[in-house]
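Here the structure comes first, spelled out in structure tokens, and everything after it is commentary.
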Amino acid sequence: MKYYPVGLDIKNKKCVVIGGGDVAERKALKLLDYGADVCVVSPALTPHLKQLAGEDRIRHIHADYQADHLAGAFLVIGATDRPDVNEQISQDARARSILINIVDDPPECDFILPALLERGDLVIAILTGGNSPSLAKKLRLELEPQFGPEYETFLRIMGAVRQKVLAKGLPFEENKEIFEAIVNSDMLKLIKYKRWDVIKSYLKRTTGEDIEVGV
């Protein structure tokens, strides 16, 4: 199986997690991180999931899985410890054209979840085609030291740069030249060492605009 890598916008979309154990908790938390409307279906929940339900951060359906629990879902994650139930979840989701992931069972999935290295808006996803999640985790751990918190700050600044530069109405090639100059500059190193005055001066020279660096 060769998977098509894609970034999904799940903000405010109904995402259903079937199961209430530790694995289901991890899946639910990651969905929350990306703004999903999370519904967990399970007779029992981990203490953390119970807390989230009590705070109305997730919806909880206290029941064994039924097909009608998928109504209105954008995507579904099956995380029960029963293969027969997980298989039924997959069949029901596919019959309704709902994206489905069954934990640790690629043949029953429409999508698989990568190992993620996250630094704010920078997200590096590592996929192994479902063949070795352990290798994906190993690679993530090896990459982490190469991408410090300065990348999060850099992308926040680049967002402000992009807005101001595009608002000038310059030709595409001029915009591209500005963006690539900044990306290929010493900005990341300057951010790492908190050289904010130097950064603001450089951005002014490069873009012709005063850019707020947020410090």
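Descriptive notes on the structure:
- Listed by first and then second residue, the pairs with beta-carbon distance under 8 Å, at least 6 apart or on different chains, first residue in segment 123-142 and outside the structural domain of residue 108 (by TED's automatic domain parsing), second of a type in the set (Gly, Ala, Ser) and assigned to a helix (DSSP H, G or I), are 126/136; 127/136; 128/136.
- Of the numbered criteria (1) within 15 Å of residue 15 (Cα to Cα); (2) in contact with a helix residue (DSSP H, G or I) (Cβ under 9 Å, 6 or more places away or on another chain), the one residue 97 fails is (2).
- Of the strands (runs of 3 or more DSSP E) lying entirely inside segment 87-135, the ones with 3 or more residues being within 30 Å of residue 157 (Cα to Cα) and touching a strand residue (DSSP E or B) at 6+ places or on another chain (Cβ under 7 Å) are found at 115-119, 122-126.
- Every pair of residues 6+ apart whose Cβ atoms lie under 6 Å, when the first sits in segment 70-81 and is more than 15 Å from residue 110 (Cα to Cα) and outside the structural domain of residue 19 (by TED's automatic domain parsing) while the second is hydroxyl-bearing (Ser, Thr, Tyr) and in a strand (DSSP E or B): none
- Residue within segment 166-177 that is part of a helix (DSSP H, G or I) and in contact (Cβ under 8 Å) with a residue 12 or more places away in the chain present: no
- Lone qualifier among 18, 112, 77 - being surrounded by 13 or more Cβ atoms within 10 Å (Cβ to Cβ) and more than 23 Å from residue 136 (Cα to Cα): 18
- Among residues of segment 202-215 that are on the phi > 0 side of the Ramachandran plot, those with a beta-carbon under 8 Å from a residue that is surrounded by 11 or more Cβ atoms within 10 Å (Cβ to Cβ) at least six positions away or on a different chain give the pairs 208/168; 214/153; 214/156; 214/157.
The values are calculated or read from the model by the stated rules, or taken from the named source; none is laboratory data. All values reported here derive from a predicted model rather than from experimental measurement. Note: ideal-geometry Cβ built from the backbone for every residue, glycine included; neighbour counts use all protein chains shown.
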